[in-house]
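Heads up: the structure comes next, in structure tokens.
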Amino acid sequence: MNITFLVIAVLIYFPCADSKLEEKTNFKYPMEEVINSLLDNEQLNKYLHPKKDRIPLVITGEGIEKTFKLKKFGKPVIVKNNVLASTPHLNFTIFECKFENYCNLAFEYSVEGIQGSTGVIINPDKSIKFEKMSIYEK
């Protein structure tokens with residue numbers, strides 16, 4: 001009787017576990033929305049000045065795709081893999097998503113001499129909330 005129960009439990013559990021695992025591996029973090037929200041963030045905007053040499057805004061970072069539709073100052077943002085250190089650009093040094101609803105970000109904007117970091121909560125409705133935003137001068 002106990003073996004029969006164990007076999008039935010295993011047969012029921014593993015297909016459910018497999019579909020939950022598949023669901024988690026198919027989860028796609030809304031990186032584009034997170035970056036757009038950060039570019040609109042009031043704390044960061046104090047440093048993103050619309051000067052001639054900074055428009056369009058250039059961003060760099062691992063995993064940020066050139067196909068993202070990002071905008072700042074009414075112009076499309078340019079995503080590049082590598083830029084000269086002297087070129088003004090917002091560089092994402094960390095973009096690490098841990099759970100289905102949480103990411104850690106770190107960035108630097110050398111032209112303004114700042115570094116920053118924040119936690120990002122992705123709500124079930126896909127809205128984005130920043131927590132513990134920290135921006136400081138190097």
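The values are calculated or read from the model by the stated rules, or taken from the named source; none is laboratory data. The structure presented is a predicted model; accordingly, all values stated were derived computationally and were not measured. Counting neighbours? That spans all protein chains shown, and the Cβs are built from the backbone with ideal geometry, glycine included. Calculation scope for accessible area: heavy atoms of the full protein, side chains included, ligands and nucleic acids excluded. Shrake-Rupley method; radii C 1.70, N 1.55, O 1.52, S 1.80 Å.
For the stretch 105-138, name all the residues that are of a type in the set (S, T, N, Q), under 14 Å from the mean Cα position of the chain (by Cα) and open to solvent by 40 Å² or more (accessible area, probe 1.4 Å).
117, 123, 127
Being part of a helix (DSSP H, G or I), open to solvent by 20 Å² or more (accessible area, probe 1.4 Å) and modelled with pLDDT of 90 or more is the requirement here; does residue 33 meet it?
yes
Being touching a residue at least 60 places away in the same chain (Cβ under 8 Å) and under 16 Å from residue 117 (Cβ atoms) is the filter here; which residues of the stretch 47-67 pass it?
Hit for the stretch 47-67 is 47, nothing else.
Quick check: anything in the stretch 68-88 among the aliphatic types (A, V, I, L, M), open to solvent by 50 Å² or more (accessible area, probe 1.4 Å) and at pLDDT 90 or above?
Yes: the stretch 68-88 contains one or more residues that are among the aliphatic types (A, V, I, L, M), open to solvent by 50 Å² or more (accessible area, probe 1.4 Å) and at pLDDT 90 or above.
Given the criteria under 13 Å from the mean Cα position of the chain (by Cα), of a type outside the set (Asp, Glu), open to solvent by 50 Å² or more (accessible area, probe 1.4 Å) and at pLDDT below 95, does residue 95 qualify?
no
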